[in-house]
1. When you look at Val27, is it within 20 Å of Gly193 (Cα to Cα) and touching a residue at least 60 places away in the same chain (Cβ under 8 Å), yes or no?
2. From the list Asn87, Asn113, Asn92, Asn100, pick out the single residue that is closer than 21 Å to Ile194 by Cβ and in the same structural domain as Arg138 (by TED's automatic domain parsing).
3. Inspect the range 44-59 for any residue being of a type outside the set (Lys, Arg), in contact with a helix residue (DSSP H, G or I) (Cβ under 6 Å, 6 or more places away or on another chain) and buried (at least 22 other Cβ atoms within 10 Å of the Cβ) and give the result as yes or no.
4. Only one of these is modelled with pLDDT of 90 or more, surrounded by 22 or more Cβ atoms within 10 Å (Cβ to Cβ) and within 22 Å of Thr52 (Cβ to Cβ): Leu153, Leu166. Name it.
5. Collect the residues in the range 313-336 that are part of a strand (DSSP E or B) and either in contact with a helix residue (DSSP H, G or I) (Cβ under 7 Å, 6 or more places away or on another chain) or in contact (Cβ under 8 Å) with a residue 40 or more places away in the chain (or both), keeping them in residue-number order.
6. Is it the case, given these coordinates, that Asn267 is over 10 Å from the mean Cα position of the chain (by Cα), outside the structural domain of Val310 (by TED's automatic domain parsing) and surrounded by fewer than 18 Cβ atoms within 10 Å (Cβ to Cβ)?
7. Go through the range 183-202 residue by residue and tally those that are of a type in the set (S, T, N, Q) and surrounded by fewer than 19 Cβ atoms within 10 Å (Cβ to Cβ).
8. Starting from the range 160-174, take each residue that is more than 13 Å from Arg84 (Cβ to Cβ) and list its partners that are assigned to a loop (DSSP other than H, G, I, E, B), counting only C-beta distances under 7 angstrom and pairs at least six apart or across chains.
Amino acid sequence: MEKFASSSGQALIEIQGISKSFGTVKVLNNIWLSIKKGEFFSLLGPSGCGKTTLLRIIAGFENPDSGRIIIDGVDYTYVPPYKRPVNMVFQNYALFPHMNVFENVAFGLRYQNLDRDEIKKRVFEILDLVQLTGLENRKPSELSGGQKQRVALARALVLKPKVLLLDEPLNALDPKLRKEMQIELKKLQHNVGITFIFVTHDQEEALSISDRIAVINAGKIEQVGTGYEIFERPRTEFVANFMGARNLFTGILHKLNKHVFEVELPNLVRFRISGGESLKLNESKFKFIVRPEKILIRKTPVKNNSFVSVPAIVESKLYYGASTSWVLKANGFLIFVEEQNKNVKFKNEFYPGEEVYAVWEKRNIVFLEPA
């Protein structure tokens, strides 16, 4: 059992051994997480991995089969949603169509025994924060997708929850507006200082807005870390594939001495690495990745011990304007390369069928944990 705790700072939410099944299907399997106060934390994974179920358990809409939900030191595992210091923004926003913006935002405040002036003050403060001032009299049908999303955020934030839960709230927006709202959402979270737990299946979205990310696969946590750690240093084959590291190599490790190992890629290349004892490899066979953007294409091998050069043949290319994607074939194995078109004037050009070398620095090799 592995427990993923916050690296530093005060933990606001402790998810302790949460499991959940629907019938015979195990949706969550012994989830442990610690989320810091004021953190923007994302649950990232493919559809059906259990991330929304975990969010609903935190909110109180589902009860776990086992485990506990601790918020700010208090056990809320079986406390109903309306008694929890959390609020939730749903994927479809769930706005009341017959109410205007002001009434939608004020709805929850009317159950807190506040007088009319205090309600009005808090509603207009939050509308200003989400940049909806002047739209308070409009109905949801008169709003754009981005404006509806802001109303849903305002309605949740006006209650001043300790935790805001967001279930893929940007899914309904077009790509351009979605990117704009990612920036606004991160800025808003910074301004209010509330802990956000954000569910998404979009890798780029999670990387751009999160302080930390939990990657979930089939009801289990594969890895927790910053966007940089998840993207650049995936621990498992699933995380590597999910984050777009398409070059997965299977190698054989030959120990030469205490500190030096030789890596063999059968029928391709052999090269030496130092510090292999830190790889914690139990078997001679292992897997590693090299991200497509870390690989270069060269007409000749690089004669430098810091680099690996693999002979290959150009299979195809796709030009995207800012970048070019190449597919190379090395003894039947495909190698994917992403090249930024920084200096087109001096750019090397390669053609299908041409013999080249796929080149990468040894420091860009990421060894994966044994399955």
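1. No.
2. The match here is Asn87.
3. Checked against the condition, which is being of a type outside the set (Lys, Arg), in contact with a helix residue (DSSP H, G or I) (Cβ under 6 Å, 6 or more places away or on another chain) and buried (at least 22 other Cβ atoms within 10 Å of the Cβ), the range 44-59 yields at least one hit.
4. Exactly one of Leu153, Leu166 is modelled with pLDDT of 90 or more, surrounded by 22 or more Cβ atoms within 10 Å (Cβ to Cβ) and within 22 Å of Thr52 (Cβ to Cβ), namely Leu166.
5. Ile313, Val314, Ala330, Phe333, Ile335, Phe336
6. Numbers: over 10 Å from the mean Cα position of the chain (by Cα): yes; outside the structural domain of Val310 (by TED's automatic domain parsing): no; surrounded by fewer than 18 Cβ atoms within 10 Å (Cβ to Cβ): yes.
Spelling it out, it is not the case that Asn267 is over 10 Å from the mean Cα position of the chain (by Cα), outside the structural domain of Val310 (by TED's automatic domain parsing) and surrounded by fewer than 18 Cβ atoms within 10 Å (Cβ to Cβ).
7. Here is the first cut: in the range 183-202, the residues of a type in the set (S, T, N, Q) are 189, 191, 195, 200.
Checking which are surrounded by fewer than 19 Cβ atoms within 10 Å (Cβ to Cβ) leaves us with 191.
Matching residues across the range 183-202 total 1.
8. Pairs found: Asp167/Phe90; Asp167/Gln91; Glu168/Gln91; Pro169/Gln91; Asn171/Gln91.
The values are calculated or read from the model by the stated rules, or taken from the named source; none is laboratory data. For clarity, every value in this text was computed on a predicted model and none was experimentally measured. Heads up, the Cβs are rebuilt from the backbone with ideal geometry, glycines too, and the neighbour counts pull from every protein chain shown.
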